[in-house]
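Below: one structure, written as structure tokens.
The values are calculated or read from the model by the stated rules, or taken from the named source; none is laboratory data. From a predicted model like this one, the values you see are computed outputs, not experimental measurements. All Cβ positions, glycine included, derive from the backbone under ideal geometry; neighbour counts span all protein chains shown.
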Ligand SMILES: [Zn+2]
């Protein structure tokens, strides 16, 4: 799976598709049976957590562990921001996040500069432990 970044600025629709793809890939790794997989795949077509497959999906999601759960939350959050119009802006300083960054990391919440500052802060925090 080596999808090339688009030569033009990716539209929100394309980024939304990328988020959906990322979520599907994640969910696919969790399905234990073909039945579960098809439930998950058909679930992708509908709104998140609002159809008959929700119970099954809930069971599958309960298998998620730390990092995967976090990733799925990030994806759900990014999709919500996309729907709400807040997507693509840095949550710290409000500048537009570069399209290349969004394409590489569709769940990005911060611009490169703020991300760097946050990571520096995290590193300092760990060093002081
Ligand atoms: Zn920023």
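What the table below lists for this structure:
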| item | result |
| --- | --- |
| Every residue from region 102-122 that is over 22 Å from residue 69 (Cα atoms) and crowded, with 17+ Cβ neighbours inside 10 Å | 111, 114 |
| Residue in region 106-120 that is away from the ligand (no atom under 16 Å from the Cβ), under 22 Å from residue 9 (Cβ atoms), modelled with pLDDT of 80 or more and within 19 Å of the chain's Cα centre (by Cα) present | yes |
